[in-house]
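Asker: Mind looking over this structure? Questions follow.
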Amino acid sequence: TTQYLEEADVLADRVGIIDHGHIVAEGTPSELKAEVGKPTVEAIPEDAADLDRTAEILERLGERVNSPRGVAVRLDDGHVGLASAVRALDAAGLRCENIQLHQPSLDDVFLAKTGRSLEGAGDEEEEQQPGLAMEPARS
């Protein structure tokens, strides 16, 4: 078992998420991540006044989701969507301070399946603490 989600993602062939003594999700890391969503692209314009124009362009590529500083959309197609986002923003003359693609992670899976992050689990009793069960990757 581990509480290090990055470790489980890299080393495990299969992962089981345990919450209150029950397995709430099980599968390969890729399968579990695919269950919770599509990739998201986030752009932070250099000029905050360009936020609405940035949103207008990116919303053509997917559904808008919350972003604390910029504009984020859940892409219909992650790889083509990122290239399309960069091209569209450039064609509109919009300069970005930062643009990045966020792939779903096991942290996202854990949050979706348990309703909380693994880091917040320390407040619970030891026996109630959620975690991951994993099978080692085969060599």
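Asker: Quick one: in region 1-29, which of the residues that are of a type in the set (S, T, N, Q) and at pLDDT below 90 is farthest from Phe110 (Cα to Cα)?
Answerer: The residue in question is Thr1.
Asker: Further question on the same structure: Based on what the data block shows, is Leu82 surrounded by 14 or more Cβ atoms within 10 Å (Cβ to Cβ) and part of a strand (DSSP E or B)?
Answerer: no
Asker: Follow-up. Taking region 8-49 on its own, how many of its residues are over 30 Å from Arg60 (Cβ atoms) and not in a loop (DSSP other than H, G, I, E, B)?
Answerer: Matching residues across region 8-49 total 19.
Asker: Could you tell me which of the residues Asp107, Asp52, Asp90 is in a helix (DSSP H, G or I), within 14 Å of the chain's Cα centre (by Cα) and surrounded by fewer than 20 Cβ atoms within 10 Å (Cβ to Cβ)?
Answerer: Asp107
Asker: Hey, among Glu35, Glu59, which residue is more than 15 Å from the chain's Cα centre (by Cα), acidic (Asp, Glu) and open to solvent by 30 Å² or more (accessible area, probe 1.4 Å)?
Answerer: From the options Glu35, Glu59, the qualifying one is Glu59.
The values are calculated or read from the model by the stated rules, or taken from the named source; none is laboratory data. Remember, predicted model here, so these are calculated numbers, not experimental data. Neighbour counts run over all protein chains shown; Cβ positions are idealised from the backbone, glycine included. Heads up: the accessible areas ignore ligands, DNA and RNA and are worked out on the full protein's heavy atoms, side chains in. Shrake-Rupley method; radii C 1.70, N 1.55, O 1.52, S 1.80 Å.
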